[in-house]
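A.B. asks: If you scroll down you'll find the structure; I have some questions about it.
The values are calculated or read from the model by the stated rules, or taken from the named source; none is laboratory data. Predicted model, so just to flag it, every value in this text is computed and none were measured. No Cβ is skipped: glycine too gets one built from the backbone with ideal geometry, and neighbour counts run over all protein chains shown. The protein model used for the area step is the full one, side chains on, heavy atoms only, and it has no ligands, DNA or RNA in it. Shrake-Rupley method; radii C 1.70, N 1.55, O 1.52, S 1.80 Å.
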Amino acid sequence: MDLSQITEAIQRDAVWVVFANVLLQQLGLPVPAVPTLLVAGSLAASSGQAGTMLVAAVAASVIADWIWYLAGRAFGYRVLSGLCRLSLNPDSCVSQTEARFVRWGVWSLVVAKFIPGFSTVAPPIAGSLRMPLTGFLLAAGAGA
């Protein structure tokens, strides 16, 4: 898919493209969200859809985090171990990530989106540690 095809799709269904792209990327699929968001942002400025696109992106991010949270809650550290297998140092991934989460608490979810790798494993850790769902959703929304 080249840039002109992405631009045409965004012009047609901008909000849904942004929602689907962010959701799939946050679920862990190798979807290039940044180029889509850049094109959507430039189109939103001219079409007046910036607020709607922002809400769609945040909602998609929170939904994906909620799914990872539920997976962590249901399957515990098995989910985290599976995610950490993809890291450069799988043995220390679980312990380092958990230590960060315990040290920073709910704030780790707010800053997780800005730390590569941590954004993927923070929601399942929150679920594994039985973080209250309301606090999780508020922190995930603030981070998104």
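A.B. asks: Taking every pair of alpha-carbon atoms in region 100-144, give the share separated by more than 14 Å as a whole percent. Mind showing how you got there, number by number?
C.D. replies: Working: 352 of 990 pairs.
Summing the P(r) tail past 14 Å for region 100-144 gives 36 percent.
A.B. asks: Largest first and in whole Å, give the semi-axes of region 17-66's equivalent ellipsoid, each being the square root of 5 times a Cα gyration tensor eigenvalue.
C.D. replies: Its equivalent ellipsoid spans semi-axes of 19, 12, 5 Å.
A.B. asks: Something else: Calculate, in nm to one decimal, what Trp16 and Leu38 gain on full extension: separation in residues at 0.36 nm each, minus their alpha carbon distance.
C.D. replies: 6.4 nm
A.B. asks: Note down the accessible area of Arg130, probe 1.4 Å, to the nearest 10 Å².
C.D. replies: Estimated to the nearest 10 Å², Arg130 gives 130 Å².
A.B. asks: Which distance in nm do the two modelled labels at Leu70 and Leu137 give, with both placed 7 Å along the Cα-to-Cβ direction?
C.D. replies: Taking the simple label geometry, Leu70 and Leu137 are separated by 1.2 nm.
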